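The values are calculated or read from the model by the stated rules, or taken from the named source; none is laboratory data. None of the values given here were measured: they were computed from a predicted structure. Here the Cβ positions follow ideal geometry from the backbone for every residue, glycine too, while neighbour counts run over all protein chains shown. Surface accessibility is based on the protein's heavy atoms, side chains included, excluding ligands, DNA and RNA. Shrake-Rupley method; radii C 1.70, N 1.55, O 1.52, S 1.80 Å.
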Amino acid sequence: MAPSVSMSVDAFRQSLRQEVEAICRDIGRSYDREADRGYAFQLWVADLLINNYDLEIDTQLCTFKSKDLMIDIAFDDEESKSLVLCQTKFVSLSSNPDVLESDVVAFFNRHDVLLEQPDWMRDHALDELHDLVCDYAERVEREWNINFYFITTGKASDRVKQLVSAKQEILKKEYPNINFYLWDFYGLKEEVIRSKSVEAAISEAVEIHFAQDRFLLKDNPHRTILSVVKGTTLAALYRKERERLFAYNIRSFLGKRVNKPIIETAIKRPEEFYYFNNGVSAVCTHIHDLGNNKFRFDNFQIINGAQTVGSLAQIASLDSKCEVVLRITEGISVKTEKGFNADIILYNNTQNVVRASDFRSNDSIQLWLEDRFSRTKARGAVTEPLRYVRKRSHKRVRGAWPVKFEELAKIRYAYFYEPTQCVADPRSLWTAKEDGGFYERAFGIDGELRDIWTDDEFDETLFAIVTFFSIMYKIKLHIKQDKANYFFLQRLRFWALSLAHLHIRAKKIHFEELLASEKKFEDWFAGFWRDIFRDLVQAFKAAQESKISNFALARNETRWNTTKETVELVLRADLG
């Protein structure tokens, strides 16, 4: 159990100043200049948000200082279909002056501007920012989670907070997946504490008061409470405990997402919600009967129904008629990797709307990959040890390059098949074929899932990983050289990986030889990049002429096939 994190106001004030000062020194700026400390605070906030979304993004690539549409920080996450837009205001830490109502209102009105004025955006936004927001209307239509953050070291009055809440409530009726967050100095302090606590902390003890005759207690073979609770009870529990409720959930972070049908049903048909929803399952290590229908649950964890809980918490005025089935089972552990708790998840998911595709992190091939990567040593083109992260976690891998479950799925699919699915619908890559997905392609051999791979099959995956990391490093260098003109390459990273597989086939190069020698790999990669770089640029330029955004280009199968055919034609030619 991780110790709880606490911090006084003065301690947070001092800590924040020291960290912003340190950033100023790191980037060669002066804390004494208002513009410099404001930008350093931007970078500090960007790092906080990126960590909260469990992403690995260079903070300087997602922060903007001019032509920013009042958006200081912007990034997206294809897996969770989340777009983050943030404005920061760094004001006196010693006095924490009041936040200007006009600043807050103007920022949250960005939703209307982004939705209704695409031409104005194109004329007034930096290219790299425009790349993120030009498809705003499409993202809204596709039900992305779009999160607006106004983060300041000032103090927000009750009136300002109420204005934001009122605007949010009105917007939720039409756009339930759009969220407004106002973090003033005191809210930011609490968020930092939560962020530092969430890594290993779970809900140490949760108390629930059940209505009379609305629950029953089953003692054998596993002590369990089965109840019907008001949705407001679960929403309040989430607002208090946040992600701690899902620390051991194999479907981590679903508490951050919302489900539009769940919200619509709860709002429009609250009295029938009970009949349509699959309910919530939780586990704990001990059930304490406190009397008067009140119980305390030690180490409480929700292992099914995270979307239900997270979605109900998004509804500002949830009707008391909305009820949910809640089942809490006592066990010796709350971990979900194996044993009885794992069986609860598996059998619930296969029988409910949530299918077994959400259970992939515990599949045999995933367990084998974790072990196989742990035994893979740095050699040849593999210059650093690799560690496979088969399950989402806040924990950072030490002393090795992490290869995440979702990242490996996209790497293998792009390398062995094609790249557009990795952007268009990445979650399909860890969804089973029977559910309309491509999991068997992403982790199987020739489309068939196995418990283990041969050494050759594993080594080719290693080659794909090393190639992808090299592509990402090369793209980073280009962006550092000229961010405005080369930022588009970030979107086409999986195109480049697919072209790498095509390149070695056309050139009849054996990946084993490249993998065995760092020099041979580097020589091949330099030639490969020269061969395909112009084609990536041409694909980008042609899309621009057709007014196709980079976001849309990356998932456009027709455009991809055109580029692929062009590269194949050139590679087949004997150019001497």
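Scan region 434-452 residue by residue and report those that are open to solvent by 10 Å² or more (accessible area, probe 1.4 Å) and either touching a Gly at 6+ places or on another chain (Cβ under 8 Å) or aromatic (Phe, Trp, Tyr) (or both). Selection gives PHE438, GLU440, ARG441, ARG450.
Being at pLDDT below 95 and either open to solvent by 10 Å² or more (accessible area, probe 1.4 Å) or of a type in the set (Phe, Trp, Tyr) (or both) is not true of ASP98. Could you list, in sequence order, the residues of region 377-400 that are more than 18 Å from the chain's Cα centre (by Cα) and at pLDDT 90 or above? Of everything in region 377-400, those that are more than 18 Å from the chain's Cα centre (by Cα) and at pLDDT 90 or above turn out to be LYS377, ALA378, ARG379, GLY380, ALA381, VAL382, THR383, GLU384, PRO385, LEU386, ARG387.
Annotation: ASP123 fulfils all but one of (1) farther than 24 Å from LEU43 by Cβ; (2) touching a residue at least 12 places away in the same chain (Cβ under 8 Å); (3) among the acidic types (Asp, Glu); the unmet one is (2).
Residues that are over 20 Å from the mean Cα position of the chain (by Cα) and among the aliphatic types (A, V, I, L, M) within region 277-311 comprise VAL280, ALA282, VAL283, ILE287, LEU290, listed in sequence order.
Is there any pair with a first residue in region 468-492 that is over 14 Å from PHE533 (Cα atoms) and small (Gly, Ala, Ser) and a second that is at pLDDT below 95 and in a helix (DSSP H, G or I) whose Cβ atoms are under 7 Å apart and which are 6 or more apart or on different chains, and what are they? What qualifies is ALA484/ASP127; ALA484/GLU128. Regarding LYS89, is this residue among the basic types (Lys, Arg), farther than 30 Å from PRO419 by Cα, surrounded by fewer than 16 Cβ atoms within 10 Å (Cβ to Cβ) and in contact with a helix residue (DSSP H, G or I) (Cβ under 7 Å, 6 or more places away or on another chain)? So LYS89 fails the test. Checked against the criterion of being modelled with pLDDT of 95 or more, within 21 Å of ARG559 (Cα to Cα) and among the hydrophobic types (A, V, I, L, M, F, W, C), the candidates PHE494, PHE488 yield just one match: PHE494.
What number of residues in region 418-460 are assigned to a loop (DSSP other than H, G, I, E, B), within 23 Å of the chain's Cα centre (by Cα) and among the polar types (S, T, N, Q)?
2
For every residue, the table says whether it meets (1) open to solvent by 20 Å² or more (accessible area, probe 1.4 Å); (2) within 18 Å of LYS155 (Cβ to Cβ); (3) of a type in the set (Gly, Ala, Ser).
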site: ASP10; (1), (2), (3): yes, yes, no
site: GLU19; (1), (2), (3): yes, no, no
site: SER30; (1), (2), (3): yes, no, yes
site: GLU34; (1), (2), (3): yes, no, no
site: GLN42; (1), (2), (3): no, no, no
site: ASP47; (1), (2), (3): yes, no, no
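Would you pick out the residues in region 215-225 that are open to solvent by 90 Å² or more (accessible area, probe 1.4 Å) and under 18 Å from ASN292 (Cα atoms)? Within region 215-225, LEU216, LYS218 meet the criteria.
For region 15-65, a residue qualifies if it is closer than 21 Å to PHE150 by Cα, touching a Lys or Arg at 6+ places or on another chain (Cβ under 7 Å) and not small (Gly, Ala, Ser), and the qualifying residues are VAL20, ASP36, TYR39, ASP54. Just for region 547-565: of the residues that are free of Cβ contacts under 8 Å to residues at least 60 places away in the same chain and open to solvent by less than 60 Å² (accessible area, probe 1.4 Å), which one is farthest from LYS81 (Cα to Cα)? Among those residues, the one meeting the criterion is ASN561. Counting just the residues of region 258-302 that are of a type in the set (S, T, N, Q) and not in a strand (DSSP E or B), which one comes out farthest from ASN179 (Cα to Cα)? This residue is ASN292.
Answer yes if at least one residue in region 102-119 is touching a Lys or Arg at 6+ places or on another chain (Cβ under 8 Å) and within 30 Å of LYS541 (Cβ to Cβ), and no otherwise. Within region 102-119 (the criterion being touching a Lys or Arg at 6+ places or on another chain (Cβ under 8 Å) and within 30 Å of LYS541 (Cβ to Cβ)), the answer is no, since none of the residues qualifies.
When region 303-336 is filtered for residues that are open to solvent by less than 10 Å² (accessible area, probe 1.4 Å), out of contact with any Cys (no Cβ under 8 Å at 6 or more places or on another chain) and either among the charged types (D, E, K, R) or assigned to a strand (DSSP E or B) (or both), the ones remaining, listed by number, are ILE303, VAL324, LEU326. Restricting to region 523-540, and then to whatever is among the charged types (D, E, K, R) and open to solvent by less than 100 Å² (accessible area, probe 1.4 Å), can you tell me which residue is farthest from the chain's Cα centre (by Cα)? Among those that are among the charged types (D, E, K, R) and open to solvent by less than 100 Å² (accessible area, probe 1.4 Å), it is ASP523. On the stretch given as region 74-104, residues that are among the aliphatic types (A, V, I, L, M), in contact with a Leu (Cβ under 9 Å, 6 or more places away or on another chain) and without any contact (Cβ under 8 Å) to a residue 60 or more places away in the chain total 1. Of the numbered criteria (1) of a type in the set (A, V, I, L, M, F, W, C); (2) open to solvent by less than 10 Å² (accessible area, probe 1.4 Å); (3) under 23 Å from the mean Cα position of the chain (by Cα); (4) closer than 22 Å to ASP531 by Cβ, the one PHE463 fails is (3).
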